[in-house]
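Engineer: Below is the structure I would like to discuss, written out as structure tokens.
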């Protein structure tokens with residue numbers, strides 16, 4: 001049996017390889033849900049068919065992934081849809097008064113003229129993005145990159161630490 005103390009930093013996967021793999025699984029499961037249960041647009045009552053948001057939520061729950069994994073899947077889908085920051089979708093005049101994580105997906109899904117093929121294509125694009133990020137993370141490990149240095153530089157570029 002391998003103990004945590006016997007595993008070197010080089011043996012451990014960079015933090016996000018597993019999260020990106022889980023994101024791929026969530027996105028693939030969302031696509032499968034729409035393909036198997038059907039796609040719906042604008043439903044106001046519960047239905048077996050899935051819109052983009054309900055397919056994502058169902059996939060996350062069915063795959064039993066963490067909230068962090070779900071965030072990675074949403075990031076990939078946001079990239080595929082060129083989605084705005086979620087905070088821009090909520091205002092003080094919001095009748096729902098609660099920022100719903102899937103609001104943009106719901107709006108995008110329900111846009112006039114949107115098709116099931118476009119929704120499935122967006123999921124394919126998100127899957128490809130997440131898979132690409134997973135591969136990049138895996139290559140960092142294989143090349144012996146110092147993930148902590150990478151994380152520090154990223155935090156510095158985001159303004160979370162002093163230069």
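Read-outs throughout are calculated quantities, based only on the coordinates presented, and are distinct from any laboratory measurement. Worth saying up front: this structure is predicted, and the values here are computed from it rather than measured. Neighbour counts run over all protein chains shown; Cβ positions are idealised from the backbone, glycine included.
Engineer: Using 0.36 nm per residue of separation minus the Cα-Cα distance, give me the extension gain between residue 111 and residue 139 in nm, one decimal.
Structural biologist: Residue separation times 0.36 nm, minus the Cα-Cα distance, leaves 6.2 nm.
Engineer: At a Förster distance of 22 Å, what's the computed FRET efficiency of residue 81 paired with residue 157, Cβ-Cβ distance as r, to 0.05?
Structural biologist: That pair, residue 81 with residue 157, gives E of 0.35.
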